[in-house]
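First the structure, in the form of C-alpha cells, and then the observations on it.
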Amino acid sequence: MFYREAGQFKSSYAADQQIFPIRQDRIGIAAILIAAFVAVPLFGNEYWFVAILIPFLIFALAALGLNILTGYAGQLSLGAAAFMAVGAYAAYNFQLRVDGIPILVSFICAGLTAAAVGIVFGLPSLRIKGFYLAVATLAAQFFIVWCLTKFPWLSNNSSSGVISAQRIIIFGHEFESAREKYLLVLCIVVLMAMMAKNMARSSIGRAWMAVRDMDVAAEVVGIRLMHTKLLAFAVSSFYCGVAGALYAFCYLGSVEPDGFSLDLSFKILFMIIVGGVGTILGSFLGAAFILLLPIFLNVTLPWIAELLHLPINGATVSHIETMVFGALIMFFLIIEPHGLARLWQIGKEKLRLWPFPH
Amino acid sequence: MSTRAIGDVILDLQNISLRFGGVKALTDISFDVREHEIRAIIGPNGAGKSSMLNVINGVYRPQEGNIVFRGEKRHNMEPHKAAEAGFARTFQNIALFKGMSVLDNLMTGRNLKMRSNFLLQALWWGPARREELEHRRKVEEVIDFLEIEHIRKTPVGRLPYGLQKRVELGRALAAEPSILLLDEPMAGMNVEEKQDMCRFILDVNDQFGTTIILIEHDMGVVMDISDRVVVLDYGRKIGDGAPDEVKNNPDVIAAYLGTQH
Amino acid sequence: MQFFIEVTIGGLLSGVMYSLVALGFVLIYKASGVFNFAQGAMVYFAALCVVGCVDKGAPLWLAVILAFIIMVLFGIATEKFVLRKLVNQPPITLFMATIGLAFFIEGAAPILWGDTVRPVDLGIVDDPIAAIMDSTGMLISTFDLAAAGIAALLVAVLALFFQKTKIGRALRAVADDHQAALSIGIPLQHIWAIVWSVAGFVALVAGLLWGARNGVQFALTFTALKALPVLILGGFTSVPGAIVGGLIIGASEKLAEIYIPPVLAGWFGGNFGGIEGWFPYVMALLFLLVRPEGLFGERHIDRV
Amino acid sequence: MSDPTMGERLDTFPRYLLHHARVRGERPAMREKDMGIWQTWTWAEVAVEVRALAAGLAELGFRRGENLAIIGDNRPRLYWTMCAVQMLGGVPVPLYQDAVAGEMLFVLQDAEIRFAIVEDQEQVDKLLEIREQCPALQHILFDEPRGMRHYTQTFLQSMDEVMAMGRIHDSNSHDFLDAEIARGSPGDVAVMLYTSGTTGKPKGVCQTHSSFITAAKSGVEFDHLGASEDILSYLPMAWVGDHLFSYAQALVAGFTINCPESGDTVMNDLREIGPTYYFAPPRVFENLLTQVMIRMEDAGQLKRGLFHYFMKVAKRCGAEILDAGVKNAGNVPFSDRFNYALGNLLIYAPLRNVLGMSRIRVAYTAGAAIGPDLFRFYRSIGVNLKQLYGSTETCAAVCFQPDGEIKFDSVGKPAPGVEVKIAANGEVLVRGGMMLKEYYKRPDATAESLDAEGYFLTGDAGFIDADGHLKIIDRAKDVGKLAGGAVFAPNYVENKLKFFQYIKEAVCFGHDRDMVCAFINIDMGAVGNWAERRNIAYSGYTDLAGKAEVLELVQQCVEEVNAELARDAMLAETQVHRFLVLHKELDPDDDELTRTRKVRRGFIAEKYAVLIEALYGGKTSQFIETQVKFEDGRSGKVAADLVIRDVKTLPVVKKAA
C-alpha cells in the first residue's frame, strides 16, 4: 500500500544490487537509524537502556553470528554462548595484559580469538553434518565453559572465574553512562549488521547458502567446502565473540563462565528460529521477541493470576516462561519455519501488491 | 549441422571400475572425448551412466582406472579441482540451491572466478563491489542466452520443473566451462521444452566451442545432436561410435529390446 | 588396580543408565527419523509423574501405571500436535522442534507436580553387596546391580517386542522404508504414536531408576545430554550400539574423572574436577572423525 | 522565455536530434531494459550512434530519396535507424514485425526496398524467404547477432559492423554528414507508413518532416509536455501512433522513450518505468481492467469490501474531482472529497501503482470506441485518460480532448491549427499542417482523398456538438438515413448497446425505414451469471435468450441507450423502437461476423429477412429456424419463437444551440 514502486527503475547494476533497492525501504531504514541514534538517546531513560535496548542489541549481534553459521551456512550450532564467553574473557585479558591497548582493538582481538576457537571446533564439520555436528558444538559449549572455570589464569585468578570488565575509554572519553554504552553498542552492531548483509549478498554469502542447500552441487560448481564452512565458523564466532565482549563490558560489567550456559546458547538459537533462519532482519526481530517475552510474561502473568485468584510465585512465572518458549518454538517451526522475518516479508509483499491479493 | 572443428582428445577415461561396497557400478570402462564434440552416454536405467559422470568430475572415486585430462594423468578428480579445470555439470535430479534466486544460483557458477576476499566483500569495498557488478554482467549474458529474463529474481524453488532444468544449465554455463556434463537435461520435459533445450545445447557447443558430454534417454535427441555415442549396460561398455554405427550395433539393440521401459 | 576395576565397574553400571536413555533416542530415531532432544525431559517428566501420584496417596505400582498412561497420552499428543504438522520438514527442523518440546516439558512438569527435589523409593537398598566386598574388597552397590538387571531385562523385552510382535515388525518396517511401510497398509501416524509411547515407557523406567538413586529433580533432564555422545559412539540407529556406547561412555568418563585432573593439576596447578561434563563429548567427537557412522551405524552413500 | 532554439532551424528530425544533443546532451534520450537493467543512452550518445549509423549506411551506398525498410520490435537502434536514414535524406519505412513474409512482400516491392534493417534472425529468415521476389533488395542489416553466425550471405551484415565502419567514416569526414543534414528540407518526405487498407492493397502514406513536426508540436503544446516525460514504447513501430508518440513527439519535446525487454514483460516494464505519458488502444485498457477485477475477486473479504466501496465513491465523484483539479471549478461536496482522498490513500493510488500508472500525467487512447464505463474507471481512479482522433494520413493528430473538458463520447476539440468541417453527407473533413503529402506512387488515390479546397476526406461520419467537440459516429459509408431524413449511424447505436456487459453483439437496421430496430446477442457469461444469481434455470443460449426476465433486462439496457440518444438532437431520431434477442450467437463460422468480429450487416439482413419483416411488420413474435455449424464441423438446426418487444422512446429534446 505504501510501497509505490512504479517509476523506480534501475539503470545500473550498482543501483539494482544495493542493499535496499526500494526507495520506501531506504526511507524506512533511515528513519529507524535516525530514531536509534538521535531520538532514543534524547528521550530514553536508564531502565530502557539497561534492561532492554543494550541487551537487545547485544543479543541481536550474537543471533546474527549464529545466523551466519546456522541460517546461512546451514551448520547447526548449540554452542553460541561458549563463543560469547571466549569473546568476553579474551577482551578482558587483552585489556588486562596488553598495555595501552585501545578497547576497540581489544574487542576486535576478542572476536578474532573467538574466531580461532570457532575454527577448531568447526573442523569436525568437514566430516560430519546435521545433528552430529550439533553434538560437536555441544562439546565446545561444555569444554570452553569448563576451561574458563578451571584455568585461573584466564580470569586473573578470581574465584570461580568471575571477571569484572575494565572501564571503556575511547579517545580519552570514558563511556560510563548507560546512554553512552548504548550508543557504543549501537554503532558496533549497526556496522557489523551492515557487514553481515554485505557478506550475505556477496560470493561468500552465496557459497554459504550453496553449501547449506546442496553441498554436493556446491562442490561441483567449485566451492571449496572446507574453506567455506570454516570461514562460516570463523565469522560466526567472531560475531559471537564481539557480542560476548559487549555483554561483559557494556551490559553486565562482571560475568562468570556459568553465565554462558547451554541455556543461553539455546536462547540464541531460539532467537534465530523465531526471528527467521537465514535473514539479517530475523536476528533483530528474534532477539527483540525472546528478550521482551519474559518481561511481558512477568508483567502480565501476576495480573492474570490475580484476576483468576490463582496463587503465583516467581518460580512459577519462570516455569511458565520456559514452557511458553518451548511452545513458541514448536509453534513457529510448524506455522512459519522462516520466522518473523518471513512474516514481515509476506506483509511487505502484500503491501507492494496492494490492493491485489498476494 | 554446424561448422565447428572437432579437435583432439582432451579427456581419456582408461579402464574405469567403480564399486559401492560389493556392488559393481562400472566395470572396466574406457572411452575418450574430443575437444568441441558432443559426446552422448546412453544405456538402460541402472547402466551406470550417472556414475560415469560422477567419476569424471570427481564426485565418486573409482577403485581402478585413470583419467587423462589434457595430457595429465590422474587416478581421480576432485569436484572443485574439476570445476577449476573447466568442468561444469547439471544433475539428473535438479541440484539447484533452493533457497536462492535464479540470479544468485547463476552467480554461484561464477564463484570460482571471483577473487576478492570476504573482508572486502563485507565492506562492499572497491574491488569486491566492482567484481560483483562485473560478474553480474556476465551472468546477465547467460540469462539473456537462455531467455530466462522474466524469472531473474524468482526463488528457484517456485519455478516449474522445466525452467529449473534451464536454470541449472545456466548455472553451469555461468562458469564458462570448457567441458559441460549434462545428466539427462531433457528428462521430464514436454516437447517444446525439449526443443528449446536442444537448441541451447547446440548453441552452447557451437558458439562457445564447449565440449559436451551428455546422458539422455530420448534416443531421437541423442541421435540428432551427438557426434559420438557410448552405450553402457550393467556397468559395462557395449558400444561406442557415431550414432548410426551405434544404432545398428546388435549388442545395443539387444540391450534396448531386452530392457524396454 | 582394584581401585581401577572398582571405578570401571561403577562407571559401567552408571553407563547402563545412559544406555537406557539412549535407547529412547534410538527407538524414536529409527522409526521416525526424529532426533528427540526431549528424551531427557521425558525422563524427568515420567519420574515426576510417579512421584506426584505417590504424593497424592497412590501406591507405587498404581503410580507407575498411571505414569505410564500419562506417557502414552503424551506420546499420542506429541504425534498429533507436533510431528504430524512437521512431516516432510528437514531433520534439523524436527530436531529443533524437539528442543522446543523439551523446554515445554521442563516448564510444564514442575507446574503440574511441583519443583522440589523428592525421593522415590523402589524398595532396593543402595548398599554395597557384602559377598563381593568380602571376597574382593570392592564396593559394588546392590542398587547399581539391580538397575543394570532391570535395564538388561528392558532391552530383552524390547528385543522380543521388535522381533515377535506384529507392531514391532511394523516398527522395523517403518524404520527401513517409510514408503514401503505405507504400501503395506500401516498408518504412519499410529506407528509414530506407538513409538513415542514406547520411548515414554523407556523414559519412565530410566526416570525411576535415576530418581531412586539421585532423587527426582530437574537435573534428570541432563541425562539427555549424556546420552548424545553415547549415540554418536554407538550409532543413531543401533540398539546394541546404544548399550555398548553407554557402557563405554560410563566407564571412560569415570576413569577420566579420576585419572586426568591430577595430571592437569600437576601441569597447571589448581583443581580440574568436572571433566565428566565434557569428556564424553570430546571422546565422541574424536571418534566421529575416525568413524562418522558410529560403532554400529550404517555407512551412508550420497547418491547424486 | 527566450527562443529556445537559439536561432537554429528546427524543421527536420535530424536537426532536432542534434539540437537536443547540444542543449540536453546529458539527459537520457532512450532506455531499453536489457541484461536486467535499463540501459540508458543520453541525447549526446544517441547523436553519436545515429551519425555512425548514417555514415555507415552512406558507405554501403544508401542514397538520398531511397526507401529503407525497418522491421522489428521497439528497439533503440531501430529508432536510431529512422533518424539516420532521414539524415541522409532517405525515407524509413517501418513494417509490422509480426507480419508473415508473404504480407511483407507487397510493401517491399511497392517501396522498391534496397536496404532493410531488421531486428533479429527471425526477421532475416522472413526476408530470405521472399528475397527471390524482391530483386531490388540488396542489403539486410540485423541488430541482434544471435544465431546469425552461420549465415554466410554477403548481403547480410550486422549493424555493429556497419556502425563501426560509419564511425571511422564520420570521424574522417565529419563534414559529409553535416552537409547531408543541411541539405534536408522540411518538405522532404520523412517517413512512409503503410495503411492497412480494408479494401485493396495497402497504400504508402508519405509524411513530410514538416507535417509530423507540426503534428508533434501541436500535441506537445496541447498537453504541455516537457523534456522530463517518460514514455514506454511498446506498440508497433509501423503504426502512426507509435511514430507520433515515440519518435516525433520525443524528438520535438526532447523526452525519454523506454523500450521494454520483450513482449512478455511489457506489464512489468511498465510498472518499473512508471511512464508520465502513455498511450494504449482501448483493448489494452480493457484487458487491464478485467485483470484488476479478476484479481480483486481473489482478494480477502476486507480488501474486496474496501475496493468495492471506494470504487463506488470513485464512480460517483472521481472523474469530477479529476476535472475539478484542472479547472478549479469543482462543486463536489466536501464529504465526497474526503471519501475520495481516503480512497486515494487506500485504493486508487496503490492501484495506479500496481498498474504502473502512478506517474501518468496524460494518457491517450484511440483507434476504436472506448466504453464509457471503462473510460470512466480510469479517470475516476485519477488517471488522466483522454481520447484523440486522427489517422495515418493526418499524423494521428486531428482532435485531442482538452484537460477538464472530457466527454465520454467525443474525441475532443480540433488541435491548434487544424480545421475540421462536416460535409453535407456527414463526413468529417480535415485541413491542417499535419496532412499527408501523397500516397506513394498512387496519384489517383491522393486525388480521391483530397477535395478541391485541400480538405482531407477522413471517411468517418461525425458532427460537431454545441461545445465544439467532434463526435465520430460511424464510418461514412455505413451511415444511412431514416425515411424521415435523419442521419442514422448504425455502428454508433450498436456500440452504445454493446457497452452494456450483458449485450455482446447488436445489429441495428433503419436505413430508408421509418424507425430503428435491433437484433441483440446477449453475453452468455454475464447474463448467465446474472441469471444464476436470480435462480433462473436455463439449458443453453437459446433458452436463456428467450427468458422473459432476460428480455426485460435487455429492454432496460435499450431504454437507457434511448435516453442517451434522446439527449443529442442529431441522433434522437435514431432511438431503437423495437428489438428482439436472437436465438443464436452471431458467429464468424456462419459468416455473420468477420474474423475480426465486425458485424456483416448486409449478410445478416438477408439471412434473417423474416425477422426484419416481423420487426417492421409490428408482429409480437416470430418463429425462426436456422442452420448452424458446430465447432466440430457438424451442422444442425436451431429453432425458436422469438419475442419482439417494443421499447419506450423519448421525445426529442430540442436544445437551443
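The values are calculated or read from the model by the stated rules, or taken from the named source; none is laboratory data. What you see is a predicted model; the values in this text were computed from it and never measured. A quick note on method: Cβ atoms are made from the backbone with ideal geometry, for glycine too, and the neighbour counts reach across all protein chains shown. When the accessible area is computed, the model is the full protein with side chains, heavy atoms only, and any ligands, DNA or RNA have been set aside. Shrake-Rupley method; radii C 1.70, N 1.55, O 1.52, S 1.80 Å.
Any idea which of (1) more than 9 Å from chain A (Cβ to nearest Cβ); (2) within 25 Å of the chain's Cα centre (by Cα); (3) open to solvent by 10 Å² or more (accessible area, probe 1.4 Å) is the one D:Ser358 doesn't satisfy? Only one criterion is unmet by D:Ser358, namely (1).
So that you can scan it fast, the table gives a plain yes or no per residue for (1) modelled with pLDDT of 90 or more; (2) under 20 Å from D:Leu232 (Cα atoms); (3) crowded, with 18+ Cβ neighbours inside 10 Å:
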| residue | (1), (2), (3) |
| --- | --- |
| D:Ser335 | no, no, no |
| D:Ala341 | yes, no, no |
| D:Thr365 | yes, yes, yes |
| D:Ile406 | no, no, yes |
| D:Lys421 | yes, no, no |
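Based on what the data block shows, is C:Leu289 within 13 Å of chain A (Cβ to nearest Cβ), surrounded by fewer than 23 Cβ atoms within 10 Å (Cβ to Cβ) and part of a helix (DSSP H, G or I)? Criteria met by C:Leu289. Only one of the numbered conditions (1) on the phi > 0 side of the Ramachandran plot; (2) hydroxyl-bearing (Ser, Thr, Tyr); (3) within 14 Å of chain A (Cβ to nearest Cβ) is violated by B:Tyr234, and that is (3).
Checked against the criterion of being within 28 Å of D:Leu436 (Cα to Cα) and either of a type in the set (D, E, K, R) or touching a Lys or Arg at 6+ places or on another chain (Cβ under 7 Å) (or both), the candidates D:Asp323, D:Asp403 yield just one match: D:Asp403. Is it true that some residue in the stretch D:235-251 is in contact (Cβ under 8 Å) with a residue 40 or more places away in the chain, within 14 Å of another protein chain (Cβ to nearest Cβ) and polar (S, T, N, Q)? No, the stretch D:235-251 has no match at all. The residue of the stretch A:333-351 that is surrounded by the fewest Cβ atoms within 10 Å (Cβ to Cβ), among those that are closer than 17 Å to C:Leu83 by Cα and in contact with a Leu (Cβ under 9 Å, 6 or more places away or on another chain), is A:Glu336. Selection of the stretch B:146-185 for residues being open to solvent by less than 40 Å² (accessible area, probe 1.4 Å) and in contact with a strand residue (DSSP E or B) (Cβ under 6 Å, 6 or more places away or on another chain) yields B:Ala172, B:Ala175, B:Pro177, B:Ile179, B:Leu180, B:Leu181, B:Leu182, B:Asp183, B:Glu184.
Please work out if A:Ala51 is within 14 Å of chain D (Cβ to nearest Cβ), assigned to a helix (DSSP H, G or I) and surrounded by fewer than 24 Cβ atoms within 10 Å (Cβ to Cβ). Answer is no for this residue.
So that you can scan it fast, the table gives a plain yes or no per residue for (1) within 27 Å of the chain's Cα centre (by Cα); (2) acidic (Asp, Glu):
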{"site": "D:Gly480", "(1), (2)": "yes, no"}
{"site": "D:Glu505", "(1), (2)": "yes, yes"}
{"site": "D:Cys508", "(1), (2)": "yes, no"}
{"site": "D:Asp514", "(1), (2)": "no, yes"}
{"site": "D:Asn529", "(1), (2)": "no, no"}
{"site": "D:Tyr541", "(1), (2)": "no, no"}
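Identify, from the list D:Gly540, D:Gly510, the residue that is open to solvent by less than 40 Å² (accessible area, probe 1.4 Å), in contact with a Phe, Trp or Tyr (Cβ under 6 Å, 6 or more places away or on another chain), assigned by TED's automatic domain parsing to the domain that holds D:Val628 and not hydrophobic (A, V, I, L, M, F, W, C). After applying the criteria, what remains is D:Gly510. Of the residues in the stretch D:195-218, at least one is open to solvent by 20 Å² or more (accessible area, probe 1.4 Å), without any contact (Cβ under 8 Å) to a residue 24 or more places away in the chain, assigned to a loop (DSSP other than H, G, I, E, B) and touching a Pro at 6+ places or on another chain (Cβ under 8 Å). If you check A:Phe266, A:Phe289, A:Phe332, A:Phe284 for being within 11 Å of chain C (Cβ to nearest Cβ), over 30 Å from A:Asn156 (Cα atoms), in a helix (DSSP H, G or I) and in contact (Cβ under 8 Å) with a residue 12 or more places away in the chain, only one passes: A:Phe332. Meeting the requirement of 3 or more residues that are more than 8 Å from chain B (Cβ to nearest Cβ), in contact with a Cys (Cβ under 8 Å, 6 or more places away or on another chain) and farther than 23 Å from B:Val59 by Cα, the helices (runs of 4 or more DSSP H) wholly within the stretch A:131-228 are A:178-200.
Here is the figure for the stretch D:263-317: residues that are more than 9 Å from every other protein chain (Cβ to nearest Cβ), among the hydroxyl-bearing types (Ser, Thr, Tyr) and in a helix (DSSP H, G or I) total 2.
Applying the condition of being open to solvent by 10 Å² or more (accessible area, probe 1.4 Å) and not in a helix (DSSP H, G or I) to the stretch A:110-130 and asking which residue is farthest from A:Ala73 (Cα to Cα) yields A:Arg127.
The set of residues from the stretch B:60-93 being crowded, with 24+ Cβ neighbours inside 10 Å and of a type in the set (Val, Ile, Thr) comprises just one member, B:Thr90.
In the stretch B:104-130, the qualifying residues are those that are in a helix (DSSP H, G or I), out of contact with any Ser or Thr (no Cβ under 7 Å at 6 or more places or on another chain) and more than 8 Å from every other protein chain (Cβ to nearest Cβ), and the one that is modelled with the lowest pLDDT is B:Gly126. Only one entry in C:Lys56, C:Lys85, C:Lys30, C:Lys80 is away from chain A (no Cβ under 11 Å), under 20 Å from A:Phe331 (Cα atoms) and open to solvent by 20 Å² or more (accessible area, probe 1.4 Å), namely C:Lys80. Being part of a helix (DSSP H, G or I), of a type in the set (Ser, Thr, Tyr) and at the interface with chain C (Cβ under 8 Å from one of its Cβ atoms) is a description that does not apply to A:Thr300. A single member of D:Gln109, D:Gln133, D:Gln121, D:Gln153 is touching a Lys or Arg at 6+ places or on another chain (Cβ under 8 Å) and either small (Gly, Ala, Ser) or surrounded by fewer than 19 Cβ atoms within 10 Å (Cβ to Cβ) (or both), and it is D:Gln121. Would you pick out the residues in the stretch C:247-262 that are open to solvent by 20 Å² or more (accessible area, probe 1.4 Å), of a type in the set (A, V, I, L, M, F, W, C) and touching a residue at least 60 places away in the same chain (Cβ under 8 Å)? Within the stretch C:247-262, C:Leu247, C:Ile248, C:Leu255, C:Ile258 meet the criteria.
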